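Q: If you scroll down you'll find the structure; I have some questions about it.
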Amino acid sequence: MNILVTGGAGFIGTNLINRLVKEGHKVFSLDDYSTGNVNNHNKEALYMHSSVTSFDFNHYPNKIDLIFHLAAFSRIQPSFNHPIKTFSDNVVGTVTILEYAKKNNIKVIYAGSCSKWHDPTDSPYASSKFLGEEVCRMYRNAFDVNVEIARFYNVYGPYESLDINNGNVIGIWRKLVELNKPLTIVGDGQQRRDFIHVDDVVDGLYKIALSKQKHEDAWELGTGKNYSIIELYNFFKQRFSSNRINVPDQKGNYRETLLVNNDAEKKLKWKPEDRLKEYILNL
């Protein structure tokens, strides 16, 4: 197949493209490189430097059979400082992709977020991802677009961002370890997260893409087990002997994420593994 991956130079996109190329597909990436990295490129894929909202799909010459729409403004705290970009990337960008898919009869896999299960008014990010899912449902129902939602939990693994201002907790802590600085724990550290390895997410995405089954809500990609931030810190301490500091809690910081439905496991024969401790201890 000819496959377009938006956000293809980012964390999850890079891992997905590596898998798609390995499976023998011709892959095109569309990324604005706001968080993507040219060092992540797979030499067998074609990379285009543009945002989704500014790309001219009307004159795009390649026939696309499938789209993975991963491109997004994907962090809670930075979204408070950039609400316009957050909604432009996450809502307008999604409409742009779905319009292209509608005109060309292309299946779309949309990257949703477990923020769906929390108050969407907690942050611009949560609200934008909630609206992104609603837009997908509207295009499915009103325009008969073949779009499936893959709802991610807390993804970690190779190629994750180590940007202290824009990474996830594991990526940020890896960078702090490099800098020989104490690990920052936001709030009391009792927040719990359903951490899932990116290889399992990629496998789930691939199974959703190949399946003809349709989900009326979303295919959830989580492990069904969660860890507190303190437990995560203890894994880092065991591996790196890191110290820690506590800082005040932040707006939009959920108390818990945990898989809500395991339809992907039951219907797609998808089986994620709990490998968080092993991953940290082998960094």
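The values are calculated or read from the model by the stated rules, or taken from the named source; none is laboratory data. Only a predicted model underlies this, so the values are computations on that prediction, with no experimental measurement involved. We place every Cβ from the backbone using ideal geometry, glycine too, and count neighbours over all the protein chains shown.
Q: I'd like the full set of residues that are touching a residue at least 40 places away in the same chain (Cβ under 8 Å), in contact with a Leu (Cβ under 8 Å, 6 or more places away or on another chain) and over 22 Å from SER88 (Cβ atoms), limited to region 3-41.
A: ILE3, LEU16
Q: Check PHE87 against each of (1) under 23 Å from GLU134 (Cα atoms); (2) of a type outside the set (S, T, N, Q); (3) surrounded by fewer than 16 Cβ atoms within 10 Å (Cβ to Cβ) and name the one condition it does not meet.
A: (3)
Q: Working only within region 132-146, note down all residues that are surrounded by 18 or more Cβ atoms within 10 Å (Cβ to Cβ), of a type outside the set (D, E, K, R) and within 24 Å of ASP119 (Cα to Cα). Full working, then the answer.
A: So the first thing to find is which residues in region 132-146 are surrounded by 18 or more Cβ atoms within 10 Å (Cβ to Cβ), and the list is 132-133, 135-136, 139-140, 145.
Adding the requirement that they be of a type outside the set (D, E, K, R) leaves 132, 135-136, 139, 145.
Passing the criteria: GLY132, VAL135, CYS136, TYR139.
Q: Could you please give the count of residues in region 162-178 that are farther than 18 Å from GLN250 by Cβ and touching a residue at least 60 places away in the same chain (Cβ under 8 Å)?
A: Total satisfying the criteria: 2.
Q: If you go through region 238-270, how many residues are part of a helix (DSSP H, G or I) and without any contact (Cβ under 8 Å) to a residue 40 or more places away in the chain?
A: First, the residues of region 238-270 that are part of a helix (DSSP H, G or I): 238-240, 263-268.
Still in the list and also without any contact (Cβ under 8 Å) to a residue 40 or more places away in the chain: 265-266.
Residues in region 238-270 being part of a helix (DSSP H, G or I) and without any contact (Cβ under 8 Å) to a residue 40 or more places away in the chain: 2 in total.
Q: Determine, yes or no, whether GLN213 is closer than 30 Å to VAL147 by Cα and either of a type in the set (Phe, Trp, Tyr) or not in a helix (DSSP H, G or I) (or both).
A: When the stated conditions are applied, GLN213 passes them.
Q: Condition check: surrounded by fewer than 19 Cβ atoms within 10 Å (Cβ to Cβ) and of a type outside the set (Val, Ile, Thr). Does ASP56 satisfy that? Break it down into steps so the answer makes sense when it comes.
A: Working: surrounded by fewer than 19 Cβ atoms within 10 Å (Cβ to Cβ): yes; of a type outside the set (Val, Ile, Thr): yes.
For ASP56, the condition - surrounded by fewer than 19 Cβ atoms within 10 Å (Cβ to Cβ) and of a type outside the set (Val, Ile, Thr) - is met.
Q: Before we move on, is ALA218 crowded, with 20+ Cβ neighbours inside 10 Å and farther than 30 Å from PHE80 by Cβ? Working first, answer last.
A: Numbers: crowded, with 20+ Cβ neighbours inside 10 Å: yes; farther than 30 Å from PHE80 by Cβ: no.
So ALA218 fails the test.
Q: While we're on this one: Conditions: (1) buried (at least 16 other Cβ atoms within 10 Å of the Cβ); (2) at pLDDT 95 or above; (3) among the charged types (D, E, K, R). ARG75 meets all but one. Number of the miss?
A: Condition (2) is where ARG75 drops out.
Q: In addition: Looking at region 116-171, which of the residues that are at pLDDT 95 or above and among the basic types (Lys, Arg) is nearest to PHE73 (Cα to Cα)?
A: The qualifying residue nearest to PHE73 (Cα to Cα) is LYS129.
Q: Sticking with this structure for a sec: Just checking, which of ILE196, ILE230 is in a helix (DSSP H, G or I), surrounded by 14 or more Cβ atoms within 10 Å (Cβ to Cβ) and aliphatic (A, V, I, L, M)? Working first, answer last.
A: Values: ILE196 fails: in a helix (DSSP H, G or I).
Within the list ILE196, ILE230, the selection yields ILE230.
Q: For region 104-123, which positions are touching a residue at least 60 places away in the same chain (Cβ under 8 Å), over 24 Å from TYR206 (Cβ atoms) and of a type outside the set (Gly, Ala, Ser)?
A: Of everything in region 104-123, those that are touching a residue at least 60 places away in the same chain (Cβ under 8 Å), over 24 Å from TYR206 (Cβ atoms) and of a type outside the set (Gly, Ala, Ser) turn out to be TRP117, HIS118, ASP122.
Q: Mind checking which residues of region 204-213 are in contact with a helix residue (DSSP H, G or I) (Cβ under 8 Å, 6 or more places away or on another chain) and either surrounded by 16 or more Cβ atoms within 10 Å (Cβ to Cβ) or modelled with pLDDT under 95 (or both)? Walk me through it before giving the result.
A: Step one: list which residues in region 204-213 are in contact with a helix residue (DSSP H, G or I) (Cβ under 8 Å, 6 or more places away or on another chain), which gives 204-208, 211, 213.
If the condition is that a residue be in contact with a helix residue (DSSP H, G or I) (Cβ under 8 Å, 6 or more places away or on another chain) and either surrounded by 16 or more Cβ atoms within 10 Å (Cβ to Cβ) or modelled with pLDDT under 95 (or both), then GLY204, LEU205, TYR206, LYS207, ILE208, SER211 are the ones that fit.
Q: Within the group ALA101, ALA126, which residue is within 17 Å of LEU70 (Cβ to Cβ), among the aliphatic types (A, V, I, L, M) and either surrounded by 16 or more Cβ atoms within 10 Å (Cβ to Cβ) or in contact (Cβ under 8 Å) with a residue 24 or more places away in the chain (or both)? Talk me through it step by step, then tell me what you get.
A: Details: ALA126 fails: within 17 Å of LEU70 (Cβ to Cβ).
Only one candidate qualifies: ALA101.
Q: Looking at (1) part of a helix (DSSP H, G or I); (2) surrounded by fewer than 14 Cβ atoms within 10 Å (Cβ to Cβ); (3) touching a helix residue (DSSP H, G or I) at 6+ places or on another chain (Cβ under 7 Å), find the lone condition where VAL201 falls short.
A: VAL201 satisfies all of (1) part of a helix (DSSP H, G or I); (2) surrounded by fewer than 14 Cβ atoms within 10 Å (Cβ to Cβ); (3) touching a helix residue (DSSP H, G or I) at 6+ places or on another chain (Cβ under 7 Å) except (2).
Q: What is the one condition in (1) part of a helix (DSSP H, G or I); (2) farther than 14 Å from VAL5 by Cβ that SER54 does not satisfy?
A: So the condition that SER54 fails would be (1).
Q: Between LYS181, LYS214, LYS225, LYS207, which is farther than 17 Å from THR14 by Cα, free of Cβ contacts under 8 Å to residues at least 40 places away in the same chain and not hydroxyl-bearing (Ser, Thr, Tyr)?
A: Details: LYS214 fails: free of Cβ contacts under 8 Å to residues at least 40 places away in the same chain; LYS225 fails: free of Cβ contacts under 8 Å to residues at least 40 places away in the same chain; LYS207 fails: free of Cβ contacts under 8 Å to residues at least 40 places away in the same chain.
Of the residues listed, the single one that is farther than 17 Å from THR14 by Cα, free of Cβ contacts under 8 Å to residues at least 40 places away in the same chain and not hydroxyl-bearing (Ser, Thr, Tyr) is LYS181.
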